[in-house]
Every structure is written in structure tokens, then in C-alpha cells.
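These notes concern the structure reproduced below.
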Amino acid sequence: MNQELENLMTRAYSALLSRDFVLAKRLYKTILKADKNNIQALLHLGSVYVKENNDREALDVYKSVLEIDRENFTALNELGGIYRRLEMYDESID
């Protein structure tokens, strides 16, 4: 990853930690425009959506992670929780 993207990742993560979800989403989406397969950016974007109680958006993001890395534990774990909250129990078990 180039230095500019690393700086954006740092800024985005700081925004996430400070609960500035609007800025965090914007920065992660900017990173993903340059590197659509950036798993860390996708995972953090999913986390932003979860923290905003936007499980539907988070669901799509975590599914994108699994398209890149089918065995990503974080994405699988988060999907299980999202499916339970959405009362999609069969998908949660899968």
C-alpha cells in the first residue's frame, strides 16, 4: 500500500475510534476506490456500519470481504452476529 493510502487508513481509523462515522465512511470509501480489495478497509467500513446500527450495509461489506477471502474469520464472525440481529437464523448457523 502506498504512503497516501496508509495515511488515509490511519485517519479513517482515528475517525472510527472517535465515533466520527461520517468521516470514517468517507475515508474508507476513498481508500476502496483506489484499492477495492483492501480487506482492512472493508472490515473497518463494516464495523462503522455495525456501530451505526446499519446491519444491511454491513452485511454487504462483509460479504465483499468473503468474496476476496472466503475464510476471513472476522467477516464470518460479524456476519453471524448480523444474521442473528436480523433474525436470519439459518444464515447465522451457516
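The values are calculated or read from the model by the stated rules, or taken from the named source; none is laboratory data. Here the structure is a predicted model, which is why all the values come from computation and not from measurement. Note that we place each Cβ from the backbone using ideal geometry, even for glycine, and neighbour counts take in every protein chain shown. Please note that ligands, DNA and RNA were not included when accessible areas were found on the heavy atoms of the full protein model with its side chains. Shrake-Rupley method; radii C 1.70, N 1.55, O 1.52, S 1.80 Å.
If you go through segment 1-23 and keep only what is open to solvent by less than 40 Å² (accessible area, probe 1.4 Å) and either closer than 22 Å to Asn77 by Cα or out of contact with any Phe, Trp or Tyr (no Cβ under 9 Å at 6 or more places or on another chain) (or both), you end up with Leu5, Leu16, Phe21. Scanning segment 33-43 turns up at least one residue that is open to solvent by less than 30 Å² (accessible area, probe 1.4 Å) and either out of contact with any Phe, Trp or Tyr (no Cβ under 9 Å at 6 or more places or on another chain) or not in a helix (DSSP H, G or I) (or both).
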